[in-house]
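Working notes, structure below.
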Amino acid sequence: MNLILLLPKIPISENQGILIGEILIFGYMIIYILVKKKGIPISLEILLLFVFFTYNIIVSSLINGLHISTFPLHALLYYLRVISYFILITCAYNFSEDDVAFLKYYFLIPFFIGTLISLSIMITRYIVNPPSVTEILWGYSTGLRNTPIYGYSISKNSFLFLKPIGGGSGNLLCSWNIAVLIITRNIIWRKGYVRYKKIYYWVLIVAFINVMLSFSRGGFLTLLLVFFYYALQDSLKNKIDIKLIFGIVITLTIIIFLIGNLMPASILDRLGNTIVNGKLDPSSYGRIENYKTIFHNSKVLTLLFGSGFDEIVSKKNLGVQFAESFYLDIFRSSGILGLVLFMMFLVSVFKNAHHDIFLKSLAEFLALQSIIMWTITGGDFFSAPVLYFIFLMLGRSSLISLFN
């Protein structure tokens, strides 16, 4: 007998479910944990993040769901998925090799292999079934944009049997590239491994290509912020290498020129089409309408404690499933209390960022992502690459604190 037939039918939208990348990560990490069984010290940052996740995702949904006689099953499943990433803390903590090896195995290898796979899918799509300009700018099917492999689900009716989850995972790809860029720079430059500086330059160039081809406006603008932040930092420390800067600028200029001329459309076209004839594009306009609906339907209790993370519960309470803005989504799901909990986590990370390179990297990532990505473009804090980076940084930081 097929046991699947005995399970209750659960309505799953295209934005829900377990991603391919998560299955692979879980499989590898579980095997690793079975071999390495040491515990880890629970830092204040880890504790605050756990409390935030618990209240924002599950407690707020249970309270609001019970109030309207709806069990928040989706929130429960999502909570279990998010909490599963805590195993990455243990993996990073138990990794006994040096920081360069940590960078290589947890970031550089997945980064370059993932780039090869995602670009291969995109190139194949453009050769087999060339898309129109409209499809490239506003479509979300397989291969239209540079989509990370962890952003796909398996679908028999899609191109190459792969279907992008949600809006094509452009923001997620950008978050991953920015995270890899930050940790690579910090380990190579701040830890004194300058003999590997060529690796950092390759990461910088490949990250720029990935973000350009993701067509994520928020991701592209955030990457520019990262460039500006590091350029300002280098200038203040008098570490400017004129030849190197000139070479990178020329290389990136050539990349922009080639992408703009070889493809029917580019990220610059998408940015330019955000406002046409004084009107926002449908994607941006829909976000504004969501924001208005949330504030219009909020009551005193929902302002304080939220209306539930679960999409079904939130839809019944507020009339919207999500806000497409991470910080506003915290407010939507868990109210002012949820925002306070998350701010406590941020304050703890920023306050202790000077302790080690990993909390420093996490603080930079959180700050740079918060300016645009998580404020007005969604970004999805709970996505695979973001959780992967956060928990690895917290785990490695816990290892460093053991010797301090």
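The values are calculated or read from the model by the stated rules, or taken from the named source; none is laboratory data. Note that the structure is a prediction, hence the values are computed from the model and not measured. Positions of Cβ are backbone-derived with ideal geometry, glycine not excepted, and every protein chain shown enters the neighbour counts. These accessible areas exclude ligands, DNA and RNA; they are computed on the full protein's heavy atoms, side chains included. Shrake-Rupley method; radii C 1.70, N 1.55, O 1.52, S 1.80 Å.
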FRET efficiency for Phe50 and Thr274, using Cβ-Cβ distance with R0 set to 30 Å, rounded to 0.05: 0.20
Where a label projected 7 Å from the Cα of Leu301 along Cα→Cβ would reach, residues of segment 50-85 with amide N under 12 Å: 63-69
Ile254 paired with Leu76, simple spin-label distance in nm, labels 7 Å along Cα-to-beta-carbon: 5.7 nm
Rg followed by Dmax, in Å, when segment 94-170 is reduced to its Cα trace: 15.4, 50
Other-chain or far-sequence residues with amide H under 5 Å of Ser153's (modelled H): Lys163, Ile165
Rounded Å value of the spacing that divides the Cα centres of segment 297-364 and segment 104-135: 32 Å
Mean accessible surface per residue for segment 76-140, computed with a 1.4 Å probe while every protein chain stays in place, in Å²: 45 Å²
Trypsin sites (Lys or Arg not before Pro) within segment 122-181, DSSP loop, no more than 10 other Cβ atoms inside 10 Å: Lys156
Contour excess over end-to-end distance, with Cα ends at Tyr230 and Lys351 and 0.36 nm allotted per residue: 41.5 nm
